[in-house]
Amino acid sequence: MAENESTQNSVPPPLQCVVFVSELRNGGNIEPLVTGNSKYVAKRLEKFKTTIFTQMSSLAIKHGAINLGQGFPNFDGPDFVKEAAIQAIRDGKNQYARGCGVPDLNLAVAERFKKDTGLVVDPEREVTVTSGCTEAIAATMLSLVNPGDEVVVFAPFYDSYEATLSMAGAVTKSITLRPPTFSAPIDELRSLISKSTRAILLNTPHNPTGKMFTRDELDAIASLCIEHDVLVFSDEVYDKLAFELDHISIASLPGMYERTVTLNSLGKTFSLTGWKIGWAIAPPHLTWGVRQAHSFLTFATATPLQHAAVAALRAPDSYFEELRRDYLAKKSILVEWLKSVGFKVFPSSGTYFVVVDHTPFGQENDVAFCEYLIKEVGVVAIPTSVFYLNPEEGKNLVRFTFCKDEQTLRSAVERMKEKLIIKKH
Amino acid sequence: MEKLSSVAKALAPSPIQELSFLAQRCNAINLAEGFPDFVAPAHIKNAAVSAINSDFNQYRHVQGICDYVAQKMKEMHGMSIDPLTDIVICCGQSEAFAAAIFAIIDHGDEVIVFDPSYETYDTCIRLTGGVPVYVGLDPPYWTLDPDKLEKAFTDKTKAVVLNRPLLWQHSPHNPTGKVFTKDELEVISEVCTRRDVLAVTDEVYEHITYDSRSHVSLASLPGMQSRTVITSSLSKTYSVTGWRVGWAIAPRCIASAIRNIHIRLTDSAPAPFQEAALTALRSPPSYFETLRSDYESKRDCIFELLVKVGFKMLFKPQGSFFVFAELPETCSLSDVEFVEELIKQAGVVAVPGAGFFHGDGCCSRRYIRFAFCKSNETLSAAAAKISELAEGDGRLKIFEHVFAL
């Protein structure tokens with residue numbers, strides 16, 4: 001990948017022409033998973049699957065496709081945050097930070113959380129900084145879940161969850177959110193929860209559907225958790241990309257803070273996905289476990305970038321308003337055109353994703369459609385079947401992202417207008 | 001509500017970090033934590049600044065790091081490594097090691113670890129359900145006893161051929177500063193090969209070796225490359241311990257597994273620092289020569305000081321920036337008691353050695369670890385404060401102090 005061989009001063013090529021191999025958010029590992037035949041590799045790797053993305057990505061490069069699949073921006077973060085990082089480097093903040101986070105950042109996270117939820121948390125005992133939300137999730141699962149414990153996830157789910165749960169030895173139980181509304185099937189949840197259930201893994205706003213859990217849904221989930229003494233791990237990385245509803249943190253519901261780990265990060269809100277600054281907020285007895293696992297997974301998080309994160313989290317309200325406005329504009333470009341070319345578009349209340357039904361175009365399933373879209377149309381989407389325990393459930397759906405600059409979105413939309421043909425039945 | 005996993009319940013907080021807090025509270029000179037108090041090299045900082053300005057801020061994998069690391073392994077050790085398949089970039093050596101262990105250890109697998117050892121390895125192994133088995137290096141020179149090593153492979157280990165047992169080794173060595181000799185590495189490689197065992201190495205101090213001793217990578221020995229995972233990072237070589245860029249090098253199948261674990265643990269190392277790593281890894285030979293000679297003179301200063309004030313110093317560190325000092329027989333204090341006294345009386349912090357020992361060694365309470373990765377000013381100030389506690393004969397009063405029970 002030529003762009004990664006750049007020297008210090010070269011300008012990277014436009015990102016829409018480069019596809020990162022392997023995972024949705026992955027930074028671009030080229031080599032596909034090669035296990036199976038090695039006797040040295042641990043059994044926990046058996047649950048790890050990546051091949052669909054490798055196929056998609058090499059296809060995409062081959063056909064010069066515009067990438068509306070990968071879930072990270074092709075524009076950069078705000079200058080004031082980048083400048084804060086540069087200042088921190090120049091000020092010599094380049095050595096190990098305190099393992100659980102630079103104190104200023106723990107404080108800024110707590111302040112932000114109070115502003116967003118009204119909850120007052122102790123930055124020193126209830127906030128842990130990690131290398132991205134990915135690590136916060138891993139540390140949470142490894143420290144709070146025992147082998148054999150059941151953890152409930154809502155399908156479609158971010159594909160890493162299942163693999164990380166298997167690292168902790170957990171049994172993944174899945175409940176499907178179904179189109180068109182993707183509402184939470186509370187009755188199913190009620191019958192699924194057993195005395196083996198350790199936790200529910202919640203993601204709101206939700207990747208890939210863009211669904212946001214409503215107050216009623218969260219109340220129902222909360223009451224089940226309290227009744228059965230179940231924890232909640234709440235992945236809220238898209239909380240600032242809430243468009244149709246207000247984002248609600250389940251931790252703020254009565255009786256829930258004491259049993260919730262709230263997970264978030266800098267990356268999506270500030271378009272700095274490669275900085276890997278995330279955090280977990282939880283009561284002291286849960287935080288203690290998360291911190292222990294974290295200290296043995298990565299030990300500490302990038303120091304200068306933590307200092308910059310302080311500036312980011314203290315951004316004025318206008319930053320977040322503008323963020324939403326910008327994304328809303330991008331969303332309307334994409335959604336209007338997706339509808340007009342013939343997709344059935346499901347309403348997305350948050351995140352920068354939208355899920356559509358591709359069946360009007362007559363392809364066999366989501367993977368076949370995505371291949372067709374790359375080869376014949378020159379646009380990348382993600383087949384959602386990989387987000388389900390049972391891939392059949394996702395075969396009619398694909399995911400597009402609008403975290404791209406407007407020019408990229410318009411070019412993609414032009415290609416689809418020109419070349420996507422609805423198959424008449 | 002006791003909701004911790006059983007593994008997490010068994011974990012204890014890091015003693016090194018706690019001492020650091022104490023040092024801060026007392027405003028003590030910190031010779032405990034292993035990171036520099038001098039500035040990182042300018043050319044590398046500039047590269048990071050430039051990367052941030054050039055928008056290298058989204059998820060990325062900088063293949064160039066793998067290319068340079070492979071090149072270095074060829075230059076230093078004569079090893080041929082495929083940069084496309086054999087190297088995984090991680091968030092520091094910490095994550096590379098964690099990912100490696102998760103990639104190869106199943107529940108119940110035994111992992112042989114040399115004692116004394118860096119505290120993190122024990123817990124990392126336990127997090128995966130593995131069982132650490134300790135082989136003590138023999139003081140005062142921290143030599144490897146081949147018989148002891150052989151005996152560490154138990155019947156259980158044998159049955160664990162299905163679940164492979166694992167050997168872990170760290171050279172140059174934290175906390176003692178020992179560098180394994182070629183003979184010792186040959187002993188280790190022979191037993192690994194004969195018993196079809198993997199090795200995981202931590203080579204973060206690979207460029208910090210003394211007295212013209214060069215670091216030999218275990219993986220460079222015959223038969224070892226196909227069964228060794230090497231972990232290392234930018235941190236110690238380039239004095240940027242806070243940047244979190246490291247890597248694991250392994251045969252293709254294992255590297256692939258490590259990569260997949262890494263993706264679930266953190267997904268990506270910090271992007272702008274990956275970019276800056278390219279500049280760091282391209283540093284000229286003079287950079288490494290200066291690094292080595294600067295650290296060597298710091299080592300000599302602190303070693304001489306410790307000898308002068310009465311520590312038993314039979315072993316001079318051959319690598320890393322730590323010195324493991326033994327309390328003299330006359331000293332009735334334990335390591336922890338001594339460290340506390342040193343903080344209170346001299347305002348200098350070091351690390352009690354007990355935390356590095358996991359066996360039942362009688363020597364485990366007799367060692368103090370000092371870090372010398374500090375500026376000359378810091379080291380002189382520490383030396384002055386410690387010397388103030390000396391009596392007429394130059395030895396520390398504390399060594400003669402008898403505590404009433």
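All of the numbers you see were taken from the coordinates with simple rules; none came from a lab. Because the structure is predicted, anything quoted here is derived from the model rather than measured. Glycine gets a Cβ as well: all are built from the backbone with ideal geometry, and neighbour counts include every protein chain shown.
For this structure, a couple of remarks:
- Listed residues B:LEU379, B:CYS301, B:SER268: farthest to the positive end of the dipole of the stretch B:260-405 (Cβ charges): B:SER268
- Remark: spin-label model distance A:ARG324-A:ASP79 equals 2.6 nm, labels positioned 7 Å along the Cα→Cβ axis.
- Extension gain from A:ASN390 to A:LYS339, taking 0.36 nm per residue of separation minus the Cα-Cα distance: 15.6 nm
- Kirkwood Rh and Cα Rg combined as Rg/Rh, the stretch B:72-126: 1.04
- Counted by Cβ distance under 14 Å from A:ASP104, the other residues give a net charge of +1, where Lys and Arg count +1 and Asp and Glu count -1.
- Here the stretch A:330-369 is scanned for amide nitrogen atoms under 20 Å from the site 7 Å beyond the Cα of A:LYS417 along Cα-to-Cβ, giving A:330-345, A:361.
- Residues A:ARG410 and A:ASP187, FRET efficiency given R0 of 45 Å [Cβ-Cβ distance, rounded to 0.05]: 0.55
- Distance violations [Cα-Cα > 32 Å] among A:LYS276/B:LYS374; A:LYS240/B:LYS72; B:LYS182/B:LYS344; A:LYS39/B:LYS182; A:LYS114/A:LYS276: A:LYS240/B:LYS72; B:LYS182/B:LYS344
- Size descriptors for the stretch B:303-384, from the alpha-carbon set: Rg then Dmax equal 12.5, 39 Å.
- Contour excess over end-to-end distance, with Cα ends at B:GLU340 and B:ASP196 and 0.36 nm allotted per residue: 47.3 nm
- For the stretch A:281-378, with +1 on Lys and Arg beta carbons and -1 on Asp and Glu, the positive-most of A:TYR319, A:ILE333, A:VAL377 along the dipole: A:TYR319
- This ranking places A:GLU83, A:GLU150, B:GLU110, A:GLU227 by how few other beta-carbon atoms lie within 10 Å of each, fewest first, which gives A:GLU227, A:GLU83, A:GLU150, B:GLU110.
- Averaging the Cα positions of each part gives two centres, and for the stretch B:209-258 and the stretch A:358-425 these lie 42 Å apart.
- Here the stretch A:344-425 is treated with +1 on each Lys and Arg Cβ and -1 on each Asp and Glu Cβ, and its dipole about the Cα centre works out to around 240 debye.
- Förster-model FRET efficiency, 35 Å R0, A:LYS114 and B:ASP106, C-beta, rounded to 0.05: 0.20
- Between B:GLU296 and B:HIS43, the FRET efficiency estimated from the beta carbon spacing at R0 = 25 angstrom works out to 0.65.
- Counting other Cβ atoms within 10 Å as a rough exposure proxy, the listed residues B:ARG395, B:ARG259 run B:ARG395, B:ARG259 from fewest neighbours to most.
- P(r) weight above 53 Å for the protein assembly as shown, C-alpha pairs, percent: 12 percent
- Fully extended contour minus Cα-Cα distance, from A:ARG90 to A:TYR372, at 0.36 nm per residue: 96.6 nm
- Between helix B:15-25 and chain B: long-axis angle, C-alpha atoms, 0 to 90°, nearest 10: 50 degrees
- Inter-site label distance for B:THR181 and B:GLU400 at 7 Å from Cα along Cβ, in nm: 3.9 nm
- Taking other C-beta atoms within 10 Å as the exposure proxy, B:ARG25, B:ARG195 rank B:ARG25, B:ARG195 from fewest upward.
- Every Cα-Cα pair in chain A was counted, and those over 32 Å apart are 35% of them.
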